[in-house]
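Here's the structure we're looking at; comments come further down.
The values are calculated or read from the model by the stated rules, or taken from the named source; none is laboratory data. Predicted model, so just to flag it, every value in this text is computed and none were measured. Backbone-built Cβ (ideal geometry, glycine too); neighbour counts: all protein chains shown.
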Amino acid sequence: MTKCPVCLRESEPSGFASLAKHLEAQADGSDSDHVRWLNQNVSRTKLGAPELTERLERFFDLKGAPLSEWIKRRFIARFYAEPAHPFVRALQHPSRATLLGYVVEHQHFLRQWVRSCAYIMARTDRPDVVLYELDNLNTEYGGTGATPAHYELLLRMGESLGVSREEILATAPLPATRAGIDGWNRIASTEPWPAALGAMHCLELIAHRDLVREGASSHYFDPGILQGTEISDAAKAFLREGYEADMGHAGQALALVERYAAELGVVPDVQAAVLRSIDLFDDYLIARLERGATFER
Amino acid sequence: MNVNFAGCALCDSTWGNVWAEVEGERRFFCCELCLRQFRNLLARVKLETGWVHLDAVEIVGDRSGRTCTASCGSGTLRVRVAFNAEGTLRQFEPF
């Protein structure tokens, strides 16, 4: 069943001709999100239905490669093409403001992360998926014994940069972060669980060290900043943790997505949800920069 | 006012169907977000320069960042601009 990568509506009847018709209708109505998707993923030039259908078929075609490769390709195209996403560029050698923008918006992201992963656990009947999510949640949010969670390291990074934990936690998310949270909540609670798994955990590719070998134009940040005194020790601890954890997390999750998407026949749902999640994440990363700018004044 | 795009005045897309009067002319935009961005950009250029009208605006780039060259008579302003998801300017750096 083909599904719209913007509003996640199922095409009726199933097929790329129906999806093309839907996208065309939404574009004719000047819906910003649908127009944006077409501009960024297909063409800036309006296409007729036959050509749009053909382009969509090509875009979603796995071309015999594993689903995880298709996901990585899409992720790299959005965030790590040349030039990389503006937030990634800013994080190469981050200013205090960039890191604080990261802290203030990301604590909201991580709180939604817990809800999204909890939805996946509640909706799957596969023990390996539950165990994977439990491990992920401990790393990201709960912490294990002496090892602080990513969430705690994030707050410590903010404190090391002169903003109290109370202030961080009391700051409401920017609209794009809010929209992301709502979008991910919807995906996790209503889409087939392998699609939710793909939509959430593909985002951990952002800090995946091996992405450069697969065509990314840069790392998430210049690894050199983990040495020396360019950033605080707490910032190093936070970035190092993500750098090490997300690599394993994303790889394991994509293997699970691939397996269960095929087994349950929901590959198109996964593709649509991943693409929607990528759009939400793109805007959310811009919100980190926007928040960061408030610390420059 | 001259613009360098035949499609949407901000991004050159030919999808969509928004028509609005900007700088005294009816112009095409692919969506309301681009219209908002374009209006915000022009308003900021006028604010920074004191110009009451613009003769031309040339935009290069995409969502990740654009450069804009605005002119009025013999005056020219070149700026790096970027917007947030709601169409508000988050970067406006003359260069």
Study note, to complete from the structure: Matching residues in the stretch A:12-27 (buried (at least 20 other Cβ atoms within 10 Å of the Cβ), polar (S, T, N, Q) and more than 12 Å from chain B (Cβ to nearest Cβ)) number 0
**Study point:** Wholly within the stretch B:1-89, strands (runs of 3 or more DSSP E) carrying at least 1 residues that are among the small types (Gly, Ala, Ser) and within 14 Å of chain A (Cβ to nearest Cβ)
**Key:** B:18-22, B:56-62, B:65-72, B:75-83
Check your understanding: Got at least one residue in the stretch A:28-47 being more than 14 Å from every other protein chain (Cβ to nearest Cβ), out of contact with any strand residue (DSSP E or B) (no Cβ under 9 Å at 6 or more places or on another chain), modelled with pLDDT of 95 or more and crowded, with 16+ Cβ neighbours inside 10 Å?
Key -> no
**Study point:** Residue satisfying condition, being farther than 29 Å from A:Thr177 by Cα, surrounded by 14 or more Cβ atoms within 10 Å (Cβ to Cβ) and acidic (Asp, Glu), within set B:Glu48, B:Glu58
**Key:** B:Glu58
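Determine which member of the set A:Arg74, A:Arg123, A:Arg78 is within 14 Å of chain B (Cβ to nearest Cβ), buried (at least 16 other Cβ atoms within 10 Å of the Cβ) and among the charged types (D, E, K, R).
Numbers: A:Arg74 fails: within 14 Å of chain B (Cβ to nearest Cβ); A:Arg123 fails: within 14 Å of chain B (Cβ to nearest Cβ).
Step by step, each of A:Arg74, A:Arg123, A:Arg78 is checked, and only A:Arg78 is within 14 Å of chain B (Cβ to nearest Cβ), buried (at least 16 other Cβ atoms within 10 Å of the Cβ) and among the charged types (D, E, K, R).
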Check your understanding: Any idea which residue in the stretch A:206-248 is nearest to A:Arg156 (Cα to Cα), counting only those that are among the acidic types (Asp, Glu) and buried (at least 18 other Cβ atoms within 10 Å of the Cβ)?
Key -> A:Glu241
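Any idea which of B:Val22, B:Val18 is at pLDDT 95 or above, out of contact with any strand residue (DSSP E or B) (no Cβ under 8 Å at 6 or more places or on another chain) and not polar (S, T, N, Q)? Show your work before the answer.
Details: B:Val18 fails: out of contact with any strand residue (DSSP E or B) (no Cβ under 8 Å at 6 or more places or on another chain).
After ruling out the rest, the residue left standing is B:Val22.
Go through the stretch A:139-229 and tell me which helices (runs of 4 or more DSSP H), entirely inside it, have 2 or more residues that are under 19 Å from A:Ser116 (Cα atoms).
A:150-160, A:175-190, A:193-201
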